[in-house]
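> Pasting a structure below so you can have a look.
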Amino acid sequence: MTSRDVQGEGLLSRLTAEDGQLRRQQLEGFARHTPINATVSLVNSLIAVVMIWDTVPKPMLLAWLGLIWLSALYRLQRWHHWRSRAAARPEQQRPKGVRRVTLHKAAAWSALAGVLWGASVTFDPYLGPDQRLLVMILIAAMAAGAATTLGAIPLAAAAFIAASILPWAAYFAWLGDGVHIALACFALIMTLAMLISTSIVHGSFMDAVRARRQNAALVGQIREERSDWLEISDTSEAFALFDDKDRLLLWNENYRRILSLPKDLLHRGADRRELLQRGAAPVSVVRGEESVDDWIERQLKLGKEDRSAQIEQLSNGRWLKSIARETGRGHTAVVHVDITELKQRESELLATQEELRVQSQEVQRAYDQLGQQHRRIEETTIELRRARDSAMEANRAKTEFLANMSHELRTPLNAVIGFSDLMAREAFGPLGDARYGGYIRHIHDSGEHLLNLINDLLDLSIIEAGELKLIEEPVDVAAIVQLCTELLGNQAAHAEVTLAVTGNQADWPRLRADATKLRQIVLNLLSNAIKFTPAGGSVSLNLSGGGGQPFTITVADTGIGMRPEDIPTVLEPFRRLSSAHDAAYQGAGLGLPLTKALVELHGGDMTVTSAPGQGTRVVVTLPAAVAVGQGSVTEKTEAPGSPDAPKSADNGAATPSATASAGGSGT
């Protein structure tokens, strides 16, 4: 091995040792803040738990708090162990260098702490606005503190900041609305600003460490009274050595450059007072805050009566940190460290902190605006709730009124219908004049029409109020269709309209439905079709479906029809088309709306298609689930709503002749 190789290995060993010592300085700077960081984490986690205790599930909250405390207490234990080892080390023994992996471990623990704080995003679904703001403020404060206290190891600070803030940013971005997207962008900006602050703090820390090491080396050289002071010419600091009479002995180029001294003024024996007078004066003198003589006297005392370091800005824009010490020979060694860049970074850090403060105020204003909007929404909700309650109360009052009125009207109408029927049949003898028979039939038909109108109006009101209950039972649809066609046969014959029933009704199983309401559906549809079909036309009722498919009841006619855009109108209660509903077509506009409501109560659907002059087609679709398998349902006793059960006059039914005009209130 050549001598050059030996020298290269020696240089590499020295550089490696210096790097290890520099990493030790980083680790010590990191460790000095461990008690503060751990204590703040413990206190902030307790504050967060107390504030959100009533909203977040207790197991989740206690698990999170336990992990935070375990992490913090473990870091405190490691710090105590480190302090104990440092105290047990002899003062003369130089501490060993630190490997890079040790700094990576510190960064890993910081990342774990950040992940635990970032995991608080899982509490958000349970948090109110005030609680969410508190958690976000705590996390922002922890991250801002990490940028400063963990800046000695920038990887550790960056890991904590990213792990604690980015989960919230991702969560806000995932929510997707404008406000949360803005909050996500703000979180990313805040993360970037804190990372920049971390870089600035780390740079300042490293500059201070390097300056401290250089100053220590320089002071060591002075204390050891080295003979070859010219070696200091390569140092980056300004250095000068004065004798006991303040006459210049040694200096370097940086001393002249930093103090802006003329070259011809620097020579051995130059008076220190004159050098101070000719050099760049401090800003305090330029501003008149102190006189030149006072400043010079303060500088001359530096290192003798005053051993503290002085930091001041010169008129040439530089910031200097001045240190002076007396040597064993009575000489004074003066070192000026140029900390201009450090001050600039400090100013940038302060500017960043000011920007963060302004942004925090903007976030607070945005939060206040959201609070105002939330209060307005609450007020609107209260007003809407009151309006809804008033509408419901009015609807209940309407339903009660209609129920009472229908009862009061049904009783005399049933009497009119019953007595007119007796008189029409001449049950107790002839009436005399034949014209009385026509009058009585007119009275009978008018009474039935009015009774059916009252029944439809009451049923529609009960449906709208959500109070109509179906009496479901196995129903033979074919029997209901046959009964309805028989009831409406006279009406069809009188209108000279052909009434036909087609389809596979014989194959239909029994359906679970309300027999009375299903019969009313068929009667209304057939009655409407007959009413609006001119003489010579036809009305057909087709049954199809079954076998696992939906059941359909289709009523089609060749009547006057209507425009497609008018169909939604006729499906609304009390709405009629003026062009079609002239004196020849009576009705109150309740038939189709009531039929549609009854179909939907059975879980079905009703569609209407029509065209002027081409007739109308109404399709009622019932789900396949309403089918009752043979023997799958226990037969019930005939309910009052079954086709074969008689109904009293008070619950809206009538004799077959009365039911034949059930469509009189239709559209």
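> Do you know which of the residues in segment 120-133 that are in contact with a helix residue (DSSP H, G or I) (Cβ under 7 Å, 6 or more places away or on another chain), of a type outside the set (S, T, Y) and open to solvent by less than 40 Å² (accessible area, probe 1.4 Å) is farthest from K58 (Cα to Cα)?
L133
> When residues of segment 303-326 are filtered for being touching a Lys or Arg at 6+ places or on another chain (Cβ under 7 Å) and of a type outside the set (D, E, K, R), how many remain?
4
> For segment 190-204, does any single residue satisfy the condition of being modelled with pLDDT under 80, more than 23 Å from L116 (Cα to Cα), in a helix (DSSP H, G or I) and open to solvent by less than 20 Å² (accessible area, probe 1.4 Å)?
For segment 190-204, residues modelled with pLDDT under 80, more than 23 Å from L116 (Cα to Cα), in a helix (DSSP H, G or I) and open to solvent by less than 20 Å² (accessible area, probe 1.4 Å): absent.
> Please pick out the residue among N44, N37 that is crowded, with 17+ Cβ neighbours inside 10 Å, within 29 Å of the chain's Cα centre (by Cα), under 30 Å from V121 (Cβ atoms) and among the polar types (S, T, N, Q).
One residue alone meets the criteria, N44.
> Take A140 and tell me if it is modelled with pLDDT of 85 or more, within 19 Å of G114 (Cα to Cα), touching a Gly at 6+ places or on another chain (Cβ under 6 Å) and not hydroxyl-bearing (S, T, Y).
Criteria not met by A140.
> Looking only at segment 483-530, which residues are free of Cβ contacts under 8 Å to residues at least 60 places away in the same chain, of a type in the set (S, T, Y) and either within 21 Å of T607 (Cα to Cα) or buried (at least 22 other Cβ atoms within 10 Å of the Cβ) (or both)?
Hit for segment 483-530 is T502, nothing else.
> Inside segment 331-381, can you point out the residues that are of a type in the set (S, T, Y), closer than 30 Å to R213 by Cβ and assigned to a helix (DSSP H, G or I)?
Within segment 331-381, T340, S347, T352 meet the criteria.
> Quick check on segment 596-607: of everything there that is under 20 Å from R563 (Cβ atoms) and surrounded by 15 or more Cβ atoms within 10 Å (Cβ to Cβ), which residue is modelled with the highest pLDDT?
By that ranking, first place goes to M606.
> Turning to a different aspect of this structure: (1) buried (at least 23 other Cβ atoms within 10 Å of the Cβ); (2) outside any loop (DSSP other than H, G, I, E, B); (3) of a type outside the set (A, V, I, L, M); (4) in contact with a strand residue (DSSP E or B) (Cβ under 9 Å, 6 or more places away or on another chain): which one isn't true of T533, the others all being true?
For T533, the failing item is (2).
> In segment 52-61, how many residues are surrounded by fewer than 16 Cβ atoms within 10 Å (Cβ to Cβ) and in contact with a helix residue (DSSP H, G or I) (Cβ under 8 Å, 6 or more places away or on another chain)?
Of the residues in that region, 4 qualify.
> If S610 satisfies every condition in (1) of a type in the set (S, T, Y); (2) at pLDDT 85 or above; (3) under 17 Å from V477 (Cα atoms) but one, which is the exception?
Result: S610 passes all but (3).
> Could you list all residues from segment 257-268 that are open to solvent by 40 Å² or more (accessible area, probe 1.4 Å) and in contact (Cβ under 8 Å) with a residue 12 or more places away in the chain?
R257, S260, P262, H267, R268
> Does A169 fit the bill of being more than 24 Å from V209 (Cα to Cα), of a type in the set (A, V, I, L, M) and crowded, with 21+ Cβ neighbours inside 10 Å?
yes
> Would you confirm whether any residue within segment 539-548 is over 29 Å from K469 (Cβ atoms) and touching a helix residue (DSSP H, G or I) at 6+ places or on another chain (Cβ under 6 Å)?
Yes: one or more hits.
> Also, I was wondering about something else. Step by step: first the residues of segment 295-319, then only those that are among the charged types (D, E, K, R) and assigned to a strand (DSSP E or B), then the one that is modelled with the highest pLDDT. Which residue is that?
E312
> Which residue is least open to solvent (accessible area, probe 1.4 Å), if the candidates are limited to segment 241-256 and must be part of a helix (DSSP H, G or I) and under 18 Å from Q277 (Cβ atoms)?
So the residue we want is Y255.
> Of (1) modelled with pLDDT of 80 or more; (2) under 22 Å from Q313 (Cα atoms), A281 satisfies all except one. Which?
Of everything listed in (1) modelled with pLDDT of 80 or more; (2) under 22 Å from Q313 (Cα atoms), A281 misses just condition (1).
> Residues that are at pLDDT 90 or above, in a helix (DSSP H, G or I) and of a type outside the set (K, R): does segment 453-470 have at least one?
No; the residues of segment 453-470 include none that is at pLDDT 90 or above, in a helix (DSSP H, G or I) and of a type outside the set (K, R).
The values are calculated or read from the model by the stated rules, or taken from the named source; none is laboratory data. As the structure is a prediction and not an experimental result, all values here were calculated from the model. Because the Cβ atoms are built from the backbone with ideal geometry, glycine has one as well, and the counts that use them run over all protein chains shown. To get the accessible areas, we keep the full protein, side chains included, count just its heavy atoms, and leave off ligands, DNA and RNA. Shrake-Rupley method; radii C 1.70, N 1.55, O 1.52, S 1.80 Å.
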